[in-house]
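Right, one structure below, let's go through it.
Bear in mind that the values in this text are calculations on the coordinates, not laboratory data. Bear in mind the structure is a predicted one, so any value in this text is a computation, not a measurement. Glycine also receives a Cβ, built like all others from the backbone with ideal geometry; neighbour counts cover every protein chain displayed.
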Amino acid sequence: MKRWDITLLISIFIFAYASTNAQTMNSKRLKITRIDSELRPDELNSAVWDNATEVAVGNDWSGVKAPEGRHFRARLLWSATALHVRFEANQGEPLVISEKSDLTAKTNGLWDRDVCEIFIAPDKAVRNKYFEFEIAPTGEWIDLRINVTPKRRITDLEYKSGMQSAVSVETERVVMGIKIPWEAFGKIPKAGDIWLGNLFRCVGKDPTRGYLSWQATKTKKPNFHVPSKFGEFEFAK
């Protein structure tokens, strides 16, 4: 076999492998791979994450491409006890974080700083009722129960999910992990189940603050709370 034939075959193999483990932000469904072992939130570099499908997010809430230094990627896994989420965010600018952080309790107003977020609606028939989880580069976190009604958005600040967080701040990159027990949702998914939700990132300062979104919400002003635009999370075997 000629040398260029071998090179071509290797390239095709690498591309095919990568395609099975990566999705673009154009996809409306993200598969969540099942893992048999438990995973701590601080195991951000565990080889187990290689089994997860990665979704790359490079557009803002309106669908317009954001600067490369603000892009992020997300991977999701599920186990018998919890949902595991790993965010890997490009950091091409100074961090916008708290001067003092408290990791023992949720941080109200965390969304005004640099954060990555996941919204999850366990019941497809009631997508306006969902949960919001945020994590900052400091490891600060917040969990909220949301109910969007025709007239207003009701936020339960007293909601307690039992989520755990961990972070690793590196040169031009921040890796953040959260672990959410199934008790937080009031139900445990089965293989084949589909929940709804979205993935977001807030980064930078006004007036050029960035609001990135996996599924574009298409609102006039930045707004992540648009359940009608939720994508699908499929729990795979």
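Between SER79 and LYS220, the simple spin-label model (points 7 angstrom out along Cα→Cβ) gives 4.7 nm. Taken one residue at a time, the phi angles of region 160-176 give Karplus couplings (6.51, -1.76, 1.60, θ = phi - 60°) of 10, 8, x, 5, 10, 9, 7, 9, 9, 9, 10, 5, 6, 7, 10, 10, 10 Hz. Gly and Pro are set to x.
Here the ratio of the Cα radius of gyration of the chain to 2.2 N^0.38 Å is 1.03.
Each of the peptides 94-105, 27-38, 139-150 was scored by the mean count of other Cβ atoms within 10 Å over its residues; in descending order, highest first, they stand as 139-150, 27-38, 94-105.
Measuring between alpha carbons in the structure, the pairs from LYS160/LYS218; LYS28/LYS179; LYS179/LYS218; LYS100/LYS220; LYS28/LYS151; LYS160/LYS190 lying more than 25 angstrom apart are LYS160/LYS218; LYS179/LYS218; LYS100/LYS220; LYS28/LYS151.
By the count of neighbouring beta-carbon atoms within 10 Å, fewest first, TRP195, TRP78, TRP111 end up ordered TRP111, TRP195, TRP78.
Compute the helix-to-body angle for 3-20: its Cα long axis versus the longest principal axis of the chain, expressed 0 to 90° and rounded to tens. Its long axis makes an angle of about 20 degrees.
Under 5 Å between amide hydrogens, built in the peptide plane, is the criterion, and for HIS71 it picks out ASN90 among residues at least 5 positions away or on other chains. Amide H contacts of THR53 (H built 1.01 Å from N, in plane; Pro and chain starts excluded): THR33, LEU76 sit under 5 Å, all sequence-distant by 5 or more or on other chains. Within the shell of other residues whose beta carbon sits under 13 angstrom from the beta carbon of PRO67, the net charge comes to 0, with Lys and Arg scored +1 and Asp and Glu -1.
In this simple spin-label approximation, GLU99 and LYS65 carry label points 7 Å from Cα along the Cα→Cβ vector, and these lie 3.9 nm apart. Backbone geometry of region 74-90 corresponds, through the Karplus equation with coefficients 6.51, -1.76 and 1.60 at θ = phi - 60°, to 3J(HN,Hα) couplings of 9, 10, 10, 10, 9, 10, 5, 10, 7, 9, 10, 10, 10, 9, 10, 10, 5 Hz, x marking Gly and Pro. Three principal axis extents of region 103-237 based on alpha-carbon atoms, in descending order, are 40, 33, 30 Å. Amide H contacts under 5 Å for ARG173: GLN91, restricted to partners 5 or more places along the chain or on a different chain, H placed in the peptide plane at 1.01 Å from N.
So what does the Cα-only Debye profile of region 80-173 read at q = 0.11, 0.14, 0.16, 0.24 Å⁻¹, as log10 I(q)/I(0), no solvent term? Treating every Cα as an identical point scatterer, log10 I(q)/I(0) equals -0.36, -0.58, -0.74, -1.32.
Compute the signed sum of charges (Lys and Arg +1, Asp and Glu -1) over the other residues within less than 15 Å, Cβ to Cβ, of PRO41. Neighbour charge sum, excluding PRO41 itself: -3. Couplings 3J(HN,Hα) of region 194-199, computed from phi: 10, 9, 10, x, 7, 10 Hz, in residue order, whole Hz [Karplus 6.51 cos²θ - 1.76 cosθ + 1.60, θ = phi - 60°; x for Gly and Pro].
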